[in-house]
Amino acid sequence: AKRAGGNSCALFEQHMDARALEQLSLHTELRQAIAQGQLELHYQPKLDSRRGQIRGVEALLRWRHPQRGLIAPDVFIPIAERFGLISEIGNWVIDEACRQMQLWQQAGLRMRVAINLSVHQLRQSDLVERIATALRRHEIEAAQLLCEITESVAMEDVKTTLRAFGGLGELGVYLAIDDFGTGYSSLSYLRRLPARQLKIDRSFINDLDLSSDARAVVDAVIKLAHALGLSVVAEGVETPAQRDILVALDCDELQGYLFARPMPAQALLDWAAGRDR
Ligand code: C2E
Ligand code: CA
Ligand code: CA
Ligand code: CA
């Protein structure tokens with residue numbers, strides 16, 4: 001029996017592909033990464049589409065791996081989710097964003113900071129308390145923090161979403177529906193969410209100057225959002241042509257490589273100061 005067990009194990013190892021092995025090693029390293037301070041937040045500006053002023057930033061997670069260099073969240077967040085590390089990472093993001101906001105405020109830069117919340121965080125019963133604690137610790141007003149939740153996550157479990165949104169809304173935190181257009185929100189559901197902002201998914205912005213369909217969708221989404229009292233952000237704006245269309249369609253805020261890439265906190269401060277002059 002022992003032998004058979006050994007064999008099946010060997011077989012298992014043979015069949016483990018490179019990707020699975022890679023995930024396993026990244027997973028072990030990710031546990032250490034949190035403790036060793038290898039996670040970073042980079043910040044991408046969101047600009048007022050009419051005046052070009054900075055309205056806020058979105059905090060985007062990066063892993064500065066000692067050998068592999070900077071790793072994007074699309075690579076390690078799925079691993080963190082699979083191995084139960086996402087809550088710990090999410091909690092770190094909440095505190096770090098608030099800490100950074102306080103430093104910027106002390107340097108005279110006052111703006112709303114957005115963080116991304118995962119479905120696991122929405123299910124955390126102490127999410128609201130954690131956010132409240134971080135705000136208090138760093139002396140940040142609730143309305144300065146914006147939480148982005150993707151439309152598909154918000155739709156996955158309506159009851160959880162309504163409960164979490166309710167608690168966060170009561171706290172005074174701003175809420176945004178992210179990647180809008182990729183899920184299947186019903187209009188009545190959208191109306192019930194106490195969200196302030198709607199972010200149109202990059203896929204629609206990408207096609208904006210090429211496809212009249214994309215343009216029609218974006219036009220309709222902006223009108224819908226405004227009718228519901230939400231402000232609209234376009235993400236992934238890369239060309240002046242896309243920007244011009246979005247301004248013409250009355251989009252409120254723009255975010256994308258055309259203006260700035262996500263950057264470390266100090267670089268963001270310099271970038272903002274450079275624009276003021
Ligand atoms: P997202 O929330 O939709 O974030 C926008 C992504 O688009 C970011 O990728 C950003 O760098 C990228 N981007 C911004 N402007 C442009 C552009 O003009 N062109 C193109 N091609 N891309 C642009 P990033 O930083 O790699 O993040 C990917 C995703 O990882 C995010 O998508 C978000 O879902 C997730 N994520 C990032 N940080 C966190 C976090 O702290 N917690 C959680 N749960 N998820 C996070
Ligand atoms: Ca986002
Ligand atoms: Ca997005
Ligand atoms: Ca996205």
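The values are calculated or read from the model by the stated rules, or taken from the named source; none is laboratory data. Predicted model only: the values in this text are computed from it and were never measured. Positions of Cβ are generated from backbone atoms using ideal geometry, with glycine treated the same way; all protein chains shown enter the neighbour counts.
Show the residue pairs that are 6+ apart or on different chains and have beta-carbon atoms under 6 Å apart, the first residue being within segment 105-124 and of a type outside the set (Val, Ile, Thr), the second being within 16 Å of ligand 4 (Cβ to nearest atom).
Taking only residues 6 or more apart or on different chains, the pairs are Arg112/Leu146; Ala114/Glu58; Ala114/Leu146; Ala114/Glu148; Asn116/Glu148; Leu117/Cys147; Leu117/Ile149.
From Ile94, Ile77, Ile89, Ile115, which residue is in a strand (DSSP E or B) and within 16 Å of ligand 2 (Cβ to nearest atom)? Walk me through how you get there before you give the answer.
Values: Ile94 fails: in a strand (DSSP E or B); Ile77 fails: in a strand (DSSP E or B); Ile89 fails: in a strand (DSSP E or B).
Result: Ile115 is the single residue among Ile94, Ile77, Ile89, Ile115 that is in a strand (DSSP E or B) and within 16 Å of ligand 2 (Cβ to nearest atom).
Does Val158 meet the test of being modelled with pLDDT of 95 or more and either touching a Leu at 6+ places or on another chain (Cβ under 7 Å) or among the hydrophobic types (A, V, I, L, M, F, W, C) (or both)?
On the way: modelled with pLDDT of 95 or more: no; either touching a Leu at 6+ places or on another chain (Cβ under 7 Å) or among the hydrophobic types (A, V, I, L, M, F, W, C) (or both): yes.
Criteria not met by Val158.
Given the conditions (1) modelled with pLDDT of 95 or more; (2) touching a helix residue (DSSP H, G or I) at 6+ places or on another chain (Cβ under 6 Å), report the number of the one that Asp252 does not fulfil.
All conditions pass for Asp252, except number (2).
Looking at Ala195, Ala225, Ala176, Ala164, which one is within 16 Å of ligand 4 (Cβ to nearest atom) and buried (at least 21 other Cβ atoms within 10 Å of the Cβ)? Walk me through how you get there before you give the answer.
Values: Ala195 fails: within 16 Å of ligand 4 (Cβ to nearest atom); Ala225 fails: within 16 Å of ligand 4 (Cβ to nearest atom); Ala164 fails: within 16 Å of ligand 4 (Cβ to nearest atom).
On inspection, the qualifying residue turns out to be Ala176.
Can you say whether Ile89 is modelled with pLDDT of 95 or more, within 16 Å of ligand 4 (Cβ to nearest atom) and crowded, with 17+ Cβ neighbours inside 10 Å, as far as the supplied structure shows? Walk me through it before giving the result.
Numbers: modelled with pLDDT of 95 or more: yes; within 16 Å of ligand 4 (Cβ to nearest atom): no; crowded, with 17+ Cβ neighbours inside 10 Å: yes.
Criteria not met by Ile89.
Could you check Thr150 against (1) buried (at least 20 other Cβ atoms within 10 Å of the Cβ); (2) out of contact with any Asp or Glu (no Cβ under 9 Å at 6 or more places or on another chain); (3) modelled with pLDDT under 95 and say which number it fails?
Checking Thr150 against (1) buried (at least 20 other Cβ atoms within 10 Å of the Cβ); (2) out of contact with any Asp or Glu (no Cβ under 9 Å at 6 or more places or on another chain); (3) modelled with pLDDT under 95, the one that fails is (2).
Could you check segment 110-145 and list, in sequence order, the residues that are of a type in the set (Lys, Arg) and at pLDDT 95 or above? Working first, answer last.
Initially, segment 110-145 is screened for residues of a type in the set (Lys, Arg), giving 110, 112, 123, 130, 136-137.
Those that are of a type in the set (Lys, Arg) and at pLDDT 95 or above: Arg112, Arg130, Arg136, Arg137.
I'd like to check something: does segment 227-242 contain any residue that is farther than 28 Å from Val113 by Cβ and touching a residue at least 12 places away in the same chain (Cβ under 8 Å)?
So far as segment 227-242 goes, yes, one or more of its residues are farther than 28 Å from Val113 by Cβ and touching a residue at least 12 places away in the same chain (Cβ under 8 Å).
Which numbered condition trips up Leu269, out of (1) at pLDDT below 95; (2) surrounded by fewer than 13 Cβ atoms within 10 Å (Cβ to Cβ)?
For Leu269, the failing item is (2).
For segment 233-266, which positions are of a type in the set (S, T, N, Q), surrounded by fewer than 18 Cβ atoms within 10 Å (Cβ to Cβ) and more than 17 Å from Leu60 (Cβ to Cβ)?
Correct list: Thr239 only.
Report, ordered by the first and then the second residue, all pairs with beta carbons closer than 6 Å, sequence separation of six or more or different chains, a first member in segment 182-205 that is under 16 Å from Ala220 (Cα atoms), and a second member that is away from ligand 1 (no atom under 16 Å from the Cβ) and outside any loop (DSSP other than H, G, I, E, B).
Gln197/Ser231; Leu198/Ala225; Phe204/Val217
Within segment 253-277, track down each residue that is assigned to a strand (DSSP E or B) and farther than 14 Å from Phe204 by Cα.
First, the residues of segment 253-277 that are assigned to a strand (DSSP E or B): 253-254, 263.
Glu253, Met263, listed by residue number.
Could you say whether any residue in segment 146-154 is touching a residue at least 12 places away in the same chain (Cβ under 8 Å) and more than 16 Å from ligand 3 (Cβ to nearest atom)?
Looking for residues that are touching a residue at least 12 places away in the same chain (Cβ under 8 Å) and more than 16 Å from ligand 3 (Cβ to nearest atom), one finds none in segment 146-154, hence no.
So which residues in segment 97-109 are among the hydrophobic types (A, V, I, L, M, F, W, C), touching a Leu at 6+ places or on another chain (Cβ under 8 Å) and more than 16 Å from ligand 2 (Cβ to nearest atom), if there are any at all?
Initially, segment 97-109 is screened for residues among the hydrophobic types (A, V, I, L, M, F, W, C), giving 97-98, 101, 103-104, 107, 109.
Okay, now just the ones that are also touching a Leu at 6+ places or on another chain (Cβ under 8 Å), so 97-98, 101, 104, 107, 109.
Once the filter is applied, which keeps residues that are among the hydrophobic types (A, V, I, L, M, F, W, C), touching a Leu at 6+ places or on another chain (Cβ under 8 Å) and more than 16 Å from ligand 2 (Cβ to nearest atom), segment 97-109 yields Cys98, Met101, Trp104, Ala107, Leu109.
Within segment 206-242, which residues are within 16 Å of ligand 1 (Cβ to nearest atom) and of a type in the set (Asp, Glu)? Can you show your working first?
Taking segment 206-242 as the starting set, the residues that turn out to be within 16 Å of ligand 1 (Cβ to nearest atom) are 206-210, 214, 218, 221, 232-242.
Those that are within 16 Å of ligand 1 (Cβ to nearest atom) and of a type in the set (Asp, Glu): Asp207, Asp209, Glu235, Glu238.
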